[in-house]
Amino acid sequence: MEKAAVLMAEGYEEGETLTIVDILRRAGIPCDTFAVGSGEEGESFVKGMHGMLIKADKEFSDEVKAYDMLVLPGGRPGGANLRENPEVISMVKYFAAEGKYVAAMCSGTLVLAEADVIEGKRVTGYTGYEEKLPGAVFKEDVVVADGNLITSQGPATVYPFAYKLAEVLGKDVSVLKERMLYNFAGGR
């Protein structure tokens, strides 16, 4: 069964990160969070941009390479902390080179630019990111999938983004959307 690795660096956007994990797990997809540059003495607690201290499932390591999808949530300074970490950049390049899924939203999309994996690819990102994602074909869509690359805009777009991630990993999310009242709330 395909599984997803969600990275958490200090300043991650809690709503994006936790909703992605929640929806993937509800869909029956094994999904683990990985602390990148986490707390003191190797603890896996990571503080989000709104001060929530959440324990990641695991510490970031080469174990991530065994996953089928790498997910990069946004946040301030979470996205920047991911982008500035050379091991994260190497992991993104590895996933792209192996044809594995790389998914990013909000400021997490800037990691893709830093890793040089968006050239000629259709992407989206936070408002005003057209210039911050050079070489890409920027779209205003809520979620954009181009081959193994999946991107989204920001906190309010996390539900369609997470459902798309579950779909590309082989899950039919139609019943899940109904159970979560997504369609009732106006989701498409």
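Note on the range 34-47: among residues that are touching a Phe, Trp or Tyr at 6+ places or on another chain (Cβ under 9 Å) and in a strand (DSSP E or B), the one that is surrounded by the fewest Cβ atoms within 10 Å (Cβ to Cβ) is Lys47. Just so you know, in the range 1-29 the residues that are part of a loop (DSSP other than H, G, I, E, B) and touching an Asp or Glu at 6+ places or on another chain (Cβ under 8 Å) include one that is surrounded by the most Cβ atoms within 10 Å (Cβ to Cβ), and it is Ile29. Got at least one residue in the range 45-68 being touching an Asp or Glu at 6+ places or on another chain (Cβ under 7 Å), within 18 Å of Ile150 (Cβ to Cβ) and in contact (Cβ under 8 Å) with a residue 40 or more places away in the chain? The answer is yes, given that some residue of the range 45-68 is touching an Asp or Glu at 6+ places or on another chain (Cβ under 7 Å), within 18 Å of Ile150 (Cβ to Cβ) and in contact (Cβ under 8 Å) with a residue 40 or more places away in the chain. Residue count for the range 133-171 under the criterion of being out of contact with any helix residue (DSSP H, G or I) (no Cβ under 9 Å at 6 or more places or on another chain) and of a type outside the set (A, V, I, L, M): the result is 10. When His50 is tested against (1) modelled with pLDDT of 95 or more; (2) within 18 Å of Cys106 (Cβ to Cβ); (3) crowded, with 22+ Cβ neighbours inside 10 Å, just one condition goes unmet, and that condition is (3). A Cβ distance below 6 Å, combined with a sequence gap of six or more or placement on separate chains, defines the contacts here; from the range 72-85, residues that are crowded, with 22+ Cβ neighbours inside 10 Å reach residues that are among the aliphatic types (A, V, I, L, M) and in a helix (DSSP H, G or I) in the pairs Leu72/Leu82; Leu72/Val111; Gly79/Leu110; Leu82/Val88; Leu82/Val111; Arg83/Leu110; Arg83/Val111.
Any residue at all in the range 104-112 that is without any contact (Cβ under 8 Å) to a residue 12 or more places away in the chain and within 14 Å of Gly11 (Cα to Cα)? Checking the range 104-112: not a single residue is without any contact (Cβ under 8 Å) to a residue 12 or more places away in the chain and within 14 Å of Gly11 (Cα to Cα).
Answer with yes or no whether Lys132 is surrounded by fewer than 23 Cβ atoms within 10 Å (Cβ to Cβ), closer than 12 Å to Leu7 by Cα and touching a Ser or Thr at 6+ places or on another chain (Cβ under 9 Å).
So Lys132 fails the test.
Taking the range 75-188 as the region of interest, the strands (runs of 3 or more DSSP E) fully inside it that hold 2 or more residues being among the hydrophobic types (A, V, I, L, M, F, W, C) and out of contact with any Leu (no Cβ under 9 Å at 6 or more places or on another chain) are 143-146.
The values are calculated or read from the model by the stated rules, or taken from the named source; none is laboratory data. Bear in mind that the values here come from a model prediction, so they are computed numbers and not experimental data. Neighbour counts run over all protein chains shown; Cβ positions are idealised from the backbone, glycine included.
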